[in-house]
Amino acid sequence: MSSPLLPENLYPITAKGHLDRAIYLLDKHVKENPLQYALYAALELRNAIERLLFEYLVLIHGAENVSKKMENIYTAKELHKRIDAVEPELEQKISFMNLFLRANGLPPAVVPDLTALTRLYGQLNNYLHAWKRPENTAQNPDYWKGFWSILDETQGMLTQILRMSMQHMRLEGKGLALYEAWKQDKLSDEEVIQAFRESRDSS
């Protein structure tokens, strides 16, 4: 086979790049051959989750601190485990950071559901292996019943996440003390927002 003429932007490997290809396959081609193109879309969605979790890991660590060992973490389960090891309160801290953003009239950052993303990754992965007993899997209509809802849920969740900005807040000093008080329900959201505004106005 001769080398095909490749596009200028070969193959975007961001989470959004994978999601965009999955949406294209589902919107434009799935009617031609439902299972074939849906499986390609499932692969792109699975890769989008994997890449998104890696992007969060880079965000937490800082791009300059990403090691070769970290780059070799591939499954969502392992990436989730690594994120939890580095920043076990990621979702809470992003929720807290959103109070800071609200205090300053800025749009919120997305709070990802890492557990749900890891679950969807596993469910998609179940369909992306070579089948051993086709009569129980690929050739069985019952096998495919949940497949379409998994595609819909994954596409919806990734679209919602990637529509918003990905951010992470490193807390220290007064910010950390404020976070701990908020986390322990000693301060309400509105009290934290007010504290952020007062700190801003006094600086």
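Nothing in this text is a laboratory measurement; each read-out follows from the coordinates by a stated rule. A quick note: this is a predicted structure, and the numbers were derived from the prediction, not measured. Cβ placement follows ideal geometry from the backbone for every residue including glycine, while neighbour counts extend to all protein chains displayed.
At a glance:
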read-out	value
Under 25 Å from the Cα of LYS28 - lysines, other chains or at least 8 residues apart	LYS16, LYS145
Answer label for mean projected area of the Cα convex hull in nm² (calculated), chosen among [x] 11.4; [y] 11.9; [z] 16.4	[z]
Coil-residue chymotrypsin sites (Phe, Trp or Tyr not before Pro) of the range 19-108, DSSP, other Cβ within 10 Å capped at 15	TYR74
Relative contact order of the chain, defined on C-alpha pairs under 8 angstrom at six or more residues apart (%)	23
Acute angle (nearest 10 degrees) that the helix 189-202 long axis makes with the longest principal axis of the chain, alpha-carbon atoms	60
Under 23 Å from LYS186, Cα to Cα: lysines that are on another chain or at least 8 residues apart	LYS93, LYS174
Helix 114-125 vs. the chain, principal-axis angle (Cα, 0 to 90°, nearest 10)	10
Integer Hz, Karplus 6.51/-1.76/1.60 couplings in order for the range 163-171, x for Gly and Pro	6, 9, 7, 9, 9, 8, 10, 8, 9
GNM flexibility winner over the chain from GLU172, GLU78, GLU44 (Cα, springs under 10 Å)	GLU172
C-alpha long axis of helix 15-24 to longest principal axis of the chain, angle in °	40
